[in-house]
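One structure below.
The values are calculated or read from the model by the stated rules, or taken from the named source; none is laboratory data. Since the structure is predicted, the reported quantities are computational estimates derived from the model, not experimental observations. Heads up, the Cβs are rebuilt from the backbone with ideal geometry, glycines too, and the neighbour counts pull from every protein chain shown.
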Amino acid sequence: MKSIAVSLLILSLISSVLAGEPSQGSAIFNNDNLSDIDQRQVKRFLMGKDFKWEDGRPVIIAYQTQDNATQYIQSLTGLTLEEFETLWKQLRAEGARPLKRFSNRGALVAFVGLNPGALGIVAKVETDDLVKVAQ
């Protein structure tokens, strides 16, 4: 019975990877933002297709340097972390805000909570009064 459960778990993980679903990481944003965002909008922000929120505030992308967070970026964008960072170096020349890197989840959540334009990519999602999770 245990081997069946393990097999089902493995199949589920493989199918989510093959389907291109984001891995366990998540996108969070400040509670002050006027509207919720979904994975499609997160991808547009990560790929540099949009630089501003609906209310005109500039997007500031912050990400956690743990595997689940970087895998989430890769699953949405199709880019490795190195390719993603290279893209953002190029986008800086077009007026994008610099990426913010965090090794500490708490510091990243605090940054997003204090900066209404911030979009945070975290390894493990836990909501609080400061941030919302992209759906």
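Any residue in the stretch 45-63 that is assigned to a helix (DSSP H, G or I), touching a helix residue (DSSP H, G or I) at 6+ places or on another chain (Cβ under 9 Å), at pLDDT 90 or above and buried (at least 18 other Cβ atoms within 10 Å of the Cβ)?
Quick first cut of the stretch 45-63, residues assigned to a helix (DSSP H, G or I) only: 45-46.
Now drop any that are not touching a helix residue (DSSP H, G or I) at 6+ places or on another chain (Cβ under 9 Å), which leaves 46.
After this cut, where a residue has to be at pLDDT 90 or above as well, the list is 46.
This time we only want the ones that are buried (at least 18 other Cβ atoms within 10 Å of the Cβ), so: 46.
Yes, because at least one residue in the stretch 45-63 is assigned to a helix (DSSP H, G or I), touching a helix residue (DSSP H, G or I) at 6+ places or on another chain (Cβ under 9 Å), at pLDDT 90 or above and buried (at least 18 other Cβ atoms within 10 Å of the Cβ).
Hey, could you check the stretch 69-99 for residues that are in contact (Cβ under 8 Å) with a residue 40 or more places away in the chain and of a type in the set (V, I, T) and say which is surrounded by the fewest Cβ atoms within 10 Å (Cβ to Cβ)?
Ranking the candidates gives T70 first.
Only residues that are within 15 Å of the chain's Cα centre (by Cα), farther than 18 Å from Q41 by Cβ, outside any loop (DSSP other than H, G, I, E, B) and at pLDDT 90 or above: list them for the stretch 75-106, please.
L81, E85, K100, R101, F102
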